[in-house]
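A short worksheet on the structure shown next.
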Amino acid sequence: MHQDIVPLCAADIQDQLKKRFAYLSGGRGKDGCPVITFPDYPTFSDIPDKEFQNVMTYLTSVPSLQDAGIGFILVIDRRQDKWTSVKASVLRIAASFPANLQLVLVLRPTGFFQRTLSDIAFRFNRDDFKMKVPIIMLSSVPELHGYIDKSQLTEDLGGTLDYCHTRWLCHRTAIESFALMVKQTAQMLQSFGTELAETELPNDAQSTSLVLSAHTEKKDKMKEDMKLALQEGHSILESIREPLARNPEYSLNQDQLDNQTTVQRLLAQLSETEAAFDEFWAKHQQKLEQCLQLRHFEQNFREVKVALDGVSQKISTFTDVGNSLAHVKHLLKDLANFEEKSNVSVEKARALSLEGSQLIENKHYAVDSIHPKCNELQHLCDRFAAEIGKRRNLLNKSLELHGVLETSMKWCDEGIYLLASQPVDKCQSQDGAEAALQEIEKFLETSAENKIQELNKIYKEYESILNQDLMEHVQKVFQKQESTEEMFHRRQVSLKKLAAKQTRPVQPVAPRPEVFTKSPCPSPGIRRGSENSSSSEGNVLRRGSYRRAKSEMSENQQVRSGSTGDEEESLAILRRHVMNELLETERAYVEELLCVLEGYAAEMDNPLMMHLISTSLQNKKDVLFGNMEEIYHFHNRIFLRELENYIDCPELVGRCFLGRMEEFQVYEKYCQNKPRSESLWRQCSDCPFFQECQKKLDHKLSLDSYLLKPVQRITKYQLLLKEMLKYSKNCEGAEDLQEALSSILGILKAVNDSMHLIAITGYDGNLSDLGKLLMQGSFSVWTDHKKGHSKVKDLARFKPMQRHLFLHEKAVLFCKKREENGEGYEKAPSYSYKQSLSMAAVGITENVKGDNKKFEIWYNAREEVYIIQAPTPEIKAAWVNEIRKVLTSQLQAFREASQHRALEQSQSLPLPVSSHTSPSRGNTKAVRKLEERKTDPLSLEGYGSSASLPKPPEKGKGWSKTSHSLEASEDNDGWSSAEELINSSDAEEEGGAGPRKLVPGKYTVVVDQEKGGPDALSAKSGDTVEVIHEGDEGLWYVRNLSTGQEGWVPAGSLSTLIGKSKSAQCLSSSESGTGSALLSNSSSCSESCNTTFSDLKG
């Protein structure tokens, strides 16, 4: 069986070679035969055959094939050995030597006995040593020199050859390792080249980029391996030449020269392999890079084509030619903006086409694929430019036509204004009439350059843009022009008559009446004037007794009727002016919002601008801009388009506002975020990002001015609506305008209130649970509680607290206003929460003696009383009116609930009594008793009528407190406590209070009273009683109006129902779980108050 012979390496038998029982010194015989030396080795016979065979095989493989083919010379040194060993060594070598032998030289033992023995033995055993080459027994080294030159023998054999077995072994190991490295490198390069050649080109840029990256990485690793191999080879070469470096006269032996040649050959082979690989890689890399360029080109082509298709589709929607001059200008601006934005895509397309042409010039392998795409890109760009030019030409034509129409309209409006501005009384005189006539004639001289001369010429010249709407608009303008000319004609006729009246002598008979021609499109006023004039002239004809005086009176009536029509026309002009201002400012507002969103907000997400954004501004776009984008979409997509529908009927624009009133709530959210936005702006206003954006937009004002635009806009609407209402009082849409104005003012108030509401701090609950915020404002507040030291009351009674009150549907909040530092509109207050009163247990007294700006809010049957002083009587009236509405609605709701329970339930379960103390404790029991009675405990008795005087005491007893006589009650206009006024500190200290003082009138029992003594009165919660007189220790003697019984009850268990006052009548309102709440009715409450937006504007 044939086996492949694997050549041995020095590294494989390194340990065997180190034994040095044979070595290849590098010496050569006379014929150039390599010399293998077998030095004296006592244990030669102990060497295993396998090791011996390996060493022999390796040593014979080292010389070149040419030298080995000549044959080897073996020098066997056995001078120190025995003849028996010599014989065994020679026989062993002769039997297993693997190569050709040229000569065998044996240095026999030097001892006399051994030498003699060897001579004899050699003669008798010559046949045993028969070999293919002669074996020469040498007695001494000099004899050896006769066969091999001393320069080719090592020192131990008397030669001069420099040989180091360790160095030789190191060189052989390194050379063979280097040869193996060169071989492996060549195989790896060949394998890698095959892999590269078989790689299919990917179909997308990302995959191509990954392949190129992976191949480049492998190539770099290969190059690094080759670099290391080259370094290794040069290092070995330097090691071989080291003796020459030390001694230039040194000559390398043949083996060293062979080693040097081998290394140089391997280095050359490695360099050739590297060069071939570099050439192959350059081609492969170029192909991959071209493939990547192609994939990028194709990907960019697809993206640009989609963008250009979108642009083409978008430009096809630019079909509107405008319905007014301002609209056309707006469309032209939109087209310019669209073109500017689209130019980004167009420029990309042109750049891509140029890039494709460059690839073709660079001899790209995919020219057939690139060239058609470049042509298509060029075609799309040219088509876009043509479409933009076509649209611009049409809009310029429309602009020109609307300019003509606007000029004509302006001429008509100025003419109507001229007619309306001519005073009728001055025109009655001859001079006045002539002056007015000259004004008219001078104005008519301007008609040639301002009027539409020929309608057909307009149709022909602007045929390309005339649609149905525009044609109707042209006809309307032309009709208005004719109507205006007719008005001037009639005015001229009237003025000529008035100018001629003074100069003509008085005629005894009436002149021939004029026949009035009817205008094609007369205004309602003009038509009425014409009819009246015609009627008057007809009367003159029928009644021949009328003379010139009657005719003049008819003419005057005509002039007055004409002036009425002119006034209506003037109001219509003013309405149009307001509408134009509304539309123009709305368009400008929408453009400003878009500018901010695109120029600032969108740029915050631009990766190229991220390095300009400070860390405190990152991820804060929603804080800085709030819901501005939502506001923009509402105005741009909805409100502006709907406003444009009312351009011909501006007096009806109120309906547009009313239909979108809910959408205007977006401003409340924006304004609530405004303080946070301003705070962030103050921190980051110096950020380079804002400066760069402002520079790009070419804005003179910084961003904060534009962030204020929505606040300014919502306040602008009410001014425009007021103006429109002013000129539309007798028009169809006047009521809608008034309602829209009220709604906008309501939104402003809600926004203003919410801005204050979000500034409240320290309130533990949820403000939304308190119901809708009805009113808010700052007041001076005194407190009058039944707790606290009298000395404290005396000291503080004249020192009011400054409190900001928030009136909700379910509670009123008392807060302390704290101003924050800031500049301009950025200065905003905050409110520290102090306390709140549930509206279910609140009552009011509308008038406080001595000040028409004060009123009382009291709590839990006057256990706590707050005297409130408003800034003006009007504000007080508004608050009192709003509180009355809340309490009245609570009363009505409780009555309905009580009646409903009475109908559905035969017996109510008792409610648990609260164990903790609160202002409303004890009232749960009262309500439970009321429910058990299944009757409505609340009565409007006395509401709306004067309360009767209290009856005198039956048992001869009078009022024990004269300060509460009838006169005192009348002086105190409204219900207020007679106790000392006390000012509460910010900590709102609480203390004890004296017994309740008597106020005459009827009361409601709020706590069930059991009969505790012979004179005590038994009463149930809800019973109505009348006070007879006051006793000691807080007891009052009363009569139960339901049962007629009399007796003593604690004053604290009663709540006022009806009191004596000149202008105050009381309404009691009670809810489950709360004390009675009382309301004083005033006849001087205003239904509204002025609400400003100053807090938002700063």
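Does THR872 satisfy the condition of being hydroxyl-bearing (Ser, Thr, Tyr), at pLDDT 80 or above and surrounded by 14 or more Cβ atoms within 10 Å (Cβ to Cβ)? Steps first, please.
Values: hydroxyl-bearing (Ser, Thr, Tyr): yes; at pLDDT 80 or above: yes; surrounded by 14 or more Cβ atoms within 10 Å (Cβ to Cβ): no.
Considered against the rule, which asks whether it is hydroxyl-bearing (Ser, Thr, Tyr), at pLDDT 80 or above and surrounded by 14 or more Cβ atoms within 10 Å (Cβ to Cβ), THR872 comes out as no.
Pairs only if they're at least six apart or on different chains, beta carbon under 9 angstrom, first in region 86-108 and over 12 Å from ILE76 (Cα atoms), second basic (Lys, Arg); list them, first residue then second.
Matching pairs, first to second residue: ASN100/LYS132; LEU101/LYS132.
Return only the number of the condition from (1) open to solvent by less than 60 Å² (accessible area, probe 1.4 Å); (2) farther than 23 Å from VAL751 by Cβ; (3) more than 21 Å from the chain's Cα centre (by Cα); (4) free of Cβ contacts under 8 Å to residues at least 24 places away in the same chain that PRO650 does not satisfy.
PRO650 satisfies every listed condition except (4).
Can you name the number of the only condition in (1) under 21 Å from ASN259 (Cα atoms); (2) in contact with a strand residue (DSSP E or B) (Cβ under 9 Å, 6 or more places away or on another chain); (3) modelled with pLDDT of 85 or more that ILE76 fails?
Single failed check for ILE76: (1).
So for region 288-308 (the condition being open to solvent by less than 60 Å² (accessible area, probe 1.4 Å), within 22 Å of ASN393 (Cα to Cα) and modelled with pLDDT of 85 or more), does at least one residue qualify?
yes
When region 422-436 is examined, which residues are found to be open to solvent by 60 Å² or more (accessible area, probe 1.4 Å) and touching a residue at least 60 places away in the same chain (Cβ under 8 Å)?
Scanning region 422-436 gives a single hit, GLU434.
Condition check ((1) exposed (fewer than 14 other Cβ atoms within 10 Å of the Cβ); (2) farther than 16 Å from MET409 by Cβ) across all residues:
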| position | (1), (2) |
| --- | --- |
| GLN438 | yes, yes |
| ASN456 | yes, yes |
| GLU461 | no, yes |
| GLN475 | yes, no |
| MET487 | no, no |
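Only one of LEU201, LEU266 is in contact (Cβ under 8 Å) with a residue 24 or more places away in the chain and in a loop (DSSP other than H, G, I, E, B). Can you tell me which? Write out each step before concluding.
On the way: LEU266 fails: in a loop (DSSP other than H, G, I, E, B).
Residue meeting the stated conditions: LEU201.
Just to be sure I understand the filter: pairs with C-beta atoms under 8 Å, separated by 6 or more residues or on different chains, first member in region 737-748 and in contact (Cβ under 8 Å) with a residue 12 or more places away in the chain and more than 19 Å from TYR727 (Cβ to Cβ), second member outside any helix (DSSP H, G or I) and open to solvent by less than 40 Å² (accessible area, probe 1.4 Å). Which pairs pass?
Partner pairs satisfying both residue conditions: SER743/MET661; ILE747/MET661; LEU748/PHE1093.
Find the residue count for region 336-349, including only residues that are out of contact with any helix residue (DSSP H, G or I) (no Cβ under 6 Å at 6 or more places or on another chain) and closer than 16 Å to ALA385 by Cβ. So that I can check it myself, show each step before the final result.
Step one: filter region 336-349 for residues out of contact with any helix residue (DSSP H, G or I) (no Cβ under 6 Å at 6 or more places or on another chain), giving 336-338, 340-341, 343-344, 347.
Next, from what is left, pick out any that are closer than 16 Å to ALA385 by Cβ: 336, 338, 340-341, 343-344, 347.
Qualifying residue count, region 336-349: 7.
Condition (residue is over 54 Å from the mean Cα position of the chain (by Cα) and either open to solvent by 50 Å² or more (accessible area, probe 1.4 Å) or touching a residue at least 60 places away in the same chain (Cβ under 8 Å) (or both)) applied to region 404-420: is it met by at least one residue?
Yes.
Might you check whether a residue that is of a type in the set (Lys, Arg) and open to solvent by less than 60 Å² (accessible area, probe 1.4 Å) occurs anywhere in region 160-172? Even if it seems obvious, please write down each step before you answer.
Applying the first criterion (of a type in the set (Lys, Arg)) to region 160-172 yields 167, 172.
Cutting the leftovers down to open to solvent by less than 60 Å² (accessible area, probe 1.4 Å) gives us 172.
Within region 160-172 (the criterion being of a type in the set (Lys, Arg) and open to solvent by less than 60 Å² (accessible area, probe 1.4 Å)), the answer is yes, since at least one residue qualifies.
Could you tell me whether region 316-331 includes any residue that is in contact with an Asp or Glu (Cβ under 9 Å, 6 or more places away or on another chain), open to solvent by less than 50 Å² (accessible area, probe 1.4 Å), under 30 Å from VAL404 (Cβ atoms) and of a type in the set (Phe, Trp, Tyr)?
Yes, that holds for at least one residue.
Is there a residue in region 761-773 that is more than 30 Å from the chain's Cα centre (by Cα), of a type outside the set (A, V, I, L, M, F, W, C) and in a helix (DSSP H, G or I)?
Yes, region 761-773 contains a residue that is more than 30 Å from the chain's Cα centre (by Cα), of a type outside the set (A, V, I, L, M, F, W, C) and in a helix (DSSP H, G or I).
Go through region 647-735 and tell me which helices (runs of 4 or more DSSP H), entirely inside it, have 1 or more residues that are of a type in the set (Ser, Thr, Tyr). First the steps, then the outcome.
Working: elements: 653-659, 666-684, 688-697, 703-707, 709-726.
Here the list reads 666-684, 703-707, 709-726.
So for region 221-234 (the condition being in a helix (DSSP H, G or I), modelled with pLDDT of 85 or more, polar (S, T, N, Q) and open to solvent by less than 80 Å² (accessible area, probe 1.4 Å)), does at least one residue qualify?
Looking through region 221-234, none of the residues is in a helix (DSSP H, G or I), modelled with pLDDT of 85 or more, polar (S, T, N, Q) and open to solvent by less than 80 Å² (accessible area, probe 1.4 Å).
Name the residue that is surrounded by the most Cβ atoms within 10 Å (Cβ to Cβ), counting only residues in region 178-198 that are of a type in the set (Gly, Ala, Ser) and modelled with pLDDT under 85. Lay out the reasoning, then the answer.
From region 178-198, those of a type in the set (Gly, Ala, Ser) are 179, 186, 191, 193, 197; that's our starting set.
Now restrict to residues that are modelled with pLDDT under 85: 193, 197.
Working: GLY193: 16, ALA197: 10.
So, considering only residues that are of a type in the set (Gly, Ala, Ser) and modelled with pLDDT under 85, the one surrounded by the most Cβ atoms within 10 Å (Cβ to Cβ) is GLY193.
Give GLN492, GLN481 a once-over and let me know the one that is under 24 Å from ALA572 (Cβ atoms), part of a helix (DSSP H, G or I), touching a residue at least 60 places away in the same chain (Cβ under 8 Å) and not charged (D, E, K, R).
Values: GLN492 fails: touching a residue at least 60 places away in the same chain (Cβ under 8 Å).
The unique qualifying residue is GLN481.
Just give me the residues in region 626-640 being open to solvent by 10 Å² or more (accessible area, probe 1.4 Å), assigned to a helix (DSSP H, G or I) and within 12 Å of ALA601 (Cα to Cα), in sequence order.
GLU629
Of (1) buried (at least 17 other Cβ atoms within 10 Å of the Cβ); (2) more than 30 Å from LYS726 (Cβ to Cβ); (3) of a type outside the set (D, E, K, R); (4) modelled with pLDDT of 90 or more, PRO675 satisfies all except one. Which?
(4)
Do we have any residue at all in region 599-616 that's crowded, with 20+ Cβ neighbours inside 10 Å and part of a helix (DSSP H, G or I)?
Yes, region 599-616 contains a residue that is crowded, with 20+ Cβ neighbours inside 10 Å and part of a helix (DSSP H, G or I).
Could you grab the pairs with beta carbons closer than 9 Å, sequence gap of 6+ or different chains, first residue in region 609-625 and under 15 Å from LEU703 (Cα atoms), second one open to solvent by less than 40 Å² (accessible area, probe 1.4 Å) and part of a loop (DSSP other than H, G, I, E, B)?
Pairs found: ILE613/CYS687; LEU617/CYS687; LEU624/LEU617.
Taking interchain pairs and intrachain pairs at least six residues apart, which have beta carbon atoms under 9 angstrom, with the first residue in region 306-329 and on the phi > 0 side of the Ramachandran plot and assigned to a helix (DSSP H, G or I) and the second among the hydrophobic types (A, V, I, L, M, F, W, C) and open to solvent by 70 Å² or more (accessible area, probe 1.4 Å)?
none
What pairs can you find where one residue is in region 47-67 and closer than 19 Å to ALA174 by Cβ and open to solvent by less than 30 Å² (accessible area, probe 1.4 Å), the other is basic (Lys, Arg) and modelled with pLDDT of 85 or more, and their Cβ atoms are less than 6 Å apart, with a gap of 6+ or different chains?
none
The values are calculated or read from the model by the stated rules, or taken from the named source; none is laboratory data. Since we're looking at a predicted model, the values are computed, not measured. Positions of Cβ are generated from backbone atoms using ideal geometry, with glycine treated the same way; all protein chains shown enter the neighbour counts. Note: areas computed on protein heavy atoms with side chains; ligands, DNA, RNA excluded. Shrake-Rupley method; radii C 1.70, N 1.55, O 1.52, S 1.80 Å.
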